[in-house]
Amino acid sequence: MLEDRTVALIGAPTDIGAGHRGGSMGPEALRVAGIEQAIAGQGCTVADRGNLVGPLNPWTPAINGYRHLAEVEDWCRSVHDAYYASLQAGELPVLLGGDHSLAIGSIAAAARHCREKETPLTVLWLDAHADYNTPETTPSGNIHGMPVAVLCGLGPDSLTGLSGQTPAVQSGQIVQAGIRSVDAVEKRMVLASDMEVFDMRRVDEMGMAATIKAALRLAQDTGGHLHVSFDVDFLDPDIAPGVGTTVSGGPNYREAQLMMEMIHESGLMASLDIMELNPAYDSNNKTARLVVELTESLFGKQILYRRPGAA
């Protein structure tokens with residue numbers, strides 16, 4: 001039960017891996033929108049651990065296919081250490097980003113924790129992008145377009161081995177949903193992997209409820225640890241403009257709420273990332289407030305719905 005665990009908020013205020021500035025303000029925007037109070041309102045004990053500290057964004061060009069590699073390494077190590085300590089303490093860590101390159105650190109920590117506990121790990125990657133680029137395929141060198149590839153062992157040793165094992169996860173442990181923007185060579189790599197991908201065409205055909213049930217099946221079959229990595233650009237920009245990389249055609253408000261409610265009902269979520277919120281592109285903190293609403297649903301908020309047959 002989530003109510004039996006402390007939820008630890010860990011801020012990572014950096015846009016070091018992104019192609020737009022402003023994501024460094026994401027953690028504070030979520031706090032201003034009331035994320036601690038929203039989670040506590042669902043009966044959870046919440047501890048805000050404050051913000052991690054790392055190098056400033058030098059805003060320099062790519063070198064050998066990577067922008068800011070050394071700085072990303074520093075940030076991901078800090079995220080890994082804080083996230084791993086939280087998991088080892090029996091907490092449910094929530095990483096407040098920051099750009100999505102930081103998920104290299106959080107998921108490496110979850111992988112290390114699960115390996116030591118001999119618990120299966122499933123990663124649910126909610127994103128408009130597959131984030132499976134490498135230095136050879138990326139058009140930009142921005143590492144927030146590479147975290148899934150890095151976690152699957154495609155990248156520098158300093159990042160691929162962060163969990164103490166390379167790769168941190170197998171591609172078959174990752175389920176992606178909401179995907180609708182994939183680079184050409186990256187697409188071939190995704191299709192050659194063992195990832196289960198629910199792109200928006202598939203979501204449209206199946207419907208959101210069936211998509212979520214199918215997306216959660218791997219975690220339910222293994223009965224292990226579900227890590228949810230939620231990039232805010234997963235959402236349609238009409239409802240969530242506050243990101244640096246908007247892509248039209250994402251889930252609407254009710255579809256997103258249904259997804260979060262059903263993830264909660266699965267009882268599997270054991271760690272969470274909230275990434276790529278960029279207040280510089282937002283309007284009156286609209287996107288942060290929406291993300292907080294969705295987070296409430298992830299932690300159990302409902303209106304009146306009861307499952308058929310429930311008392």
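Bear in mind these aren't lab numbers, they're just calculated from the coordinates by the rules spelled out. Note that this is a predicted model, so its numbers are computed, not measured. All Cβ positions, glycine included, derive from the backbone under ideal geometry; neighbour counts span all protein chains shown.
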Estimated 222 nm signal from helices in the chain, with DSSP H stretches of n ≥ 4 weighted -39500 (n - 2.57), rounded to 500
-11000 deg cm²/dmol
Explain nothing, just the number: dipole magnitude of segment 173-230 about its Cα centre with +1 on each Lys and Arg Cβ and -1 on each Asp and Glu Cβ, in debye rounded to the nearest 20.
80 debye
At 4 °C and 1.567 mPa s, what whole-number value in µm²/s does Stokes-Einstein give for the translational diffusion of segment 38-121, with Rh from the Kirkwood sum over Cα pairs?
90 µm²/s
Once fully extended, how much extra length lies between residue 47 and residue 209, figured as 0.36 nm per residue of separation less the alpha-carbon to alpha-carbon distance?
55.1 nm
Using Cβ contacts closer than 10 Å as the measure, can you line up 15, 199, 221 from fewest to most?
221, 199, 15
May I have the pair-distance distribution P(r) for the chain, computed from all Cα-Cα distances with 10 Å bins from 0 and rounded to whole percent?
6, 30, 40, 20, 3, 0, 0
Pairwise label distance in nanometres, residue 165 with residue 187, each label 7 Å out on the Cα-Cβ vector:
3.4 nm
When the dipole is taken about the Cα centre of segment 2-298, and only Lys, Arg (+1) and Asp, Glu (-1) are charged at their Cβ, what size is it in debye, to the nearest 20?
160 debye
So, in Å, what gap is there between the alpha-carbon centers of segment 149-175 and segment 228-266?
25 Å
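I need 152, 44 ordered by Cβ neighbour count within 10 Å, fewest first. Each step should come with its number before you reach the end.
On the way: 152 23, 44 19.
Ranked by crowding around the Cβ, least crowded first: 44, 152.
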For a quick protection proxy, order the peptides 66-78, 138-150 by their average other-Cβ count within 10 Å, most packed first.
138-150, 66-78
